[in-house]
1. Using DSSP to call loops (not H, G, I, E or B), can you name the GluC sites (Glu not before Pro) in segment 327-426 whose Cβ has at most 16 other Cβ atoms within 10 angstrom?
2. Compute, for residue 264, the solvent-accessible surface of its heavy atoms (probe 1.4 Å) with the complete set of protein chains present, and express it in square angstrom to the nearest 10.
3. Report the Stokes-Einstein translational diffusion coefficient (µm² s⁻¹, integer) for segment 256-312, Rh taken as the Kirkwood radius over Cα pairs, at 4 °C with viscosity 1.567 mPa s.
4. In sequence order, what are the phi-derived ³J(HN,Hα) couplings for segment 37-52 according to the Karplus relation 6.51 cos²θ - 1.76 cosθ + 1.60 with θ = phi - 60°, rounded to whole Hz, with x for glycine and proline?
5. Just need the Rg to Rh number for segment 1-123, please, alpha carbons only, Kirkwood Rh.
6. If you plug each phi of segment 299-315 into the Karplus form 6.51 cos²θ - 1.76 cosθ + 1.60 with θ = phi - 60°, what whole-Hz ³J(HN,Hα) values come out, in order, with x for Gly and Pro?
7. With every protein chain left in place, what is the accessible area per residue of segment 190-348 in square angstrom, probe 1.4 Å?
8. Quick check: net charge around residue 297, other residues with Cβ under 11 Å of its Cβ, Lys/Arg +1 and Asp/Glu -1?
Amino acid sequence: MTTVPDYGPYRPLTTDTVAERLATYVGMAERLGGHPTDWTVREVGDGNLNFVYIVTGPAGSVCVKQALPFVRLVGESWPLPLSRSFYEHAALVRQDKANGSVPEIHHFDGPQALIVMENLTPHVIWRKALIERQRHGAAARIVGEFCAETLFRTSTLALSAEQAKAEIALFAGNTALAKITEDLVFTDPYTNHPMNDFLRPEMDATVAAVWGDPQWRAAIQDLKFAFMSRAEALVHGDLHTGSIMVAHTDAGEDVRVIDPEFAFYGPMGFDLGALTANLLLNYFAQDAWGEQPAVYRDWLAEQIQCFHGTFARRFSELWRSERGGDAFSAALFEERGDKDGIEIALTGFLERVERDALGFAGAKMTRRIIGLAGVADLRGIERREVRATAERRALALARQLVVERGEIHTIGHVIERAERTLRDVS
Ligand code: SR1
Ligand code: MG
């Protein structure tokens, strides 16, 4: 399917009607076994937008995700197009081709805005595992490779201009989801917006200082402009730790990236920034989540560095081996014997992506503290003063990432600043 479906036949499912619908899809009865009346259905969605069902039969199980015509978190007063399911499916197909660390798709029913996919088990959402201080040591590397491969292979470093423009045009229709990010990430947290949702009264003064900070406001608009204008690659668009599932299996660690409904052509640094932000939020929240927080914080710092290091290493490999697109063409470098020139270009390219990533990380941290849709790492903290301290520290670093991103040259320096923030902000 290459165009948004006609949603005339759309009917929202309930736990009572999912089995009946699934039974109409080719191969599903064999996959689940038995009779549809034998299948059990559980609604497990804990995200902000959709309904997600796990359907289990005698022979197996699947995950069913259906978009609603509104935002689940808020209700019918906030309509949201069903087409986000079309873009999610289109992104999953491309991410599977480029990298593979996504759930297997069993069936896509476009007009029902419904995706039937692999039930990832015994996986858990990475955010939950981090809050419980579990260690999934392969996740940072696997997601670093995911970012490098999906971003490189969907960009004009790998595609012709014509191919890339067709892809940009396809995903350009996902405007409603982009608008959520434009508002909730880049706009609302910087004004006294009714949609904001922060810890009052403990955070009142800190948040008021954000609203009154002209440098922060200008820098965030620079990032918003980049988000809206720079169609560099197919970005996941919502790559937080709730969009990653992790498991220790008999075959080793398994890690999958899920939920790319916010996918669009945007700046490469956006996905890197999103994951970095969420790992840093967990880092600052650790005082609330058990004894000896420094031990787990050190591990998190290693994961953040591993994520960025893996991205740069894998992206560099692809730059040297798969750069067949119209940008940075070999005709201008290798074919002219200019091996140094293409390496200098790579260094500059990665530096810019990294700088963008730091800015977007700061933006993403700020929105989760001031705006709608916070994260459980912080909002789950019961002791209000502990939460407020964690949030003030996170905001202090976020400001540096947004405003001073041009002066922070490595992820190691980000970690140093995070450590300094722990000492300086209370
Ligand atoms: C109204 S949607 C709120 C948030 O949920 C998603 O996970 C995205 O992060 C979005 O900004
Ligand atoms: Mg999601």
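The values are calculated or read from the model by the stated rules, or taken from the named source; none is laboratory data. Since the structure is predicted, the reported quantities are computational estimates derived from the model, not experimental observations. FYI the Cβ positions are ideal-geometry reconstructions off the backbone, even for glycines, and counts take in every protein chain you see. Ligands, DNA and RNA are excluded from the accessible area calculation, which covers all protein heavy atoms including side chains. Shrake-Rupley method; radii C 1.70, N 1.55, O 1.52, S 1.80 Å.
1. Of the GluC sites (Glu not before Pro), the ones in loops of segment 327-426 whose Cβ has at most 16 other Cβ atoms within 10 Å are 382, 404.
2. 20 Å²
3. Details: Rh = 12.9 Å.
Taking Rh from Cα pairs, D becomes 101 µm²/s.
4. 5, 7, 7, 9, 10, 10, 8, 10, x, 10, x, 8, 10, 10, 9, 10
5. Values: Rg = 14.2 Å, Rh = 14.9 Å.
That ratio equals 0.95.
6. 5, 4, 4, 5, 5, 5, 5, 5, 4, 5, x, 5, 4, 5, 5, 5, 4
7. Values: 6510 Å² over 159 residues.
So segment 190-348 comes to 41 Å² accessible per residue, rounded to a whole number.
8. Residues near residue 297 contribute -3 overall.
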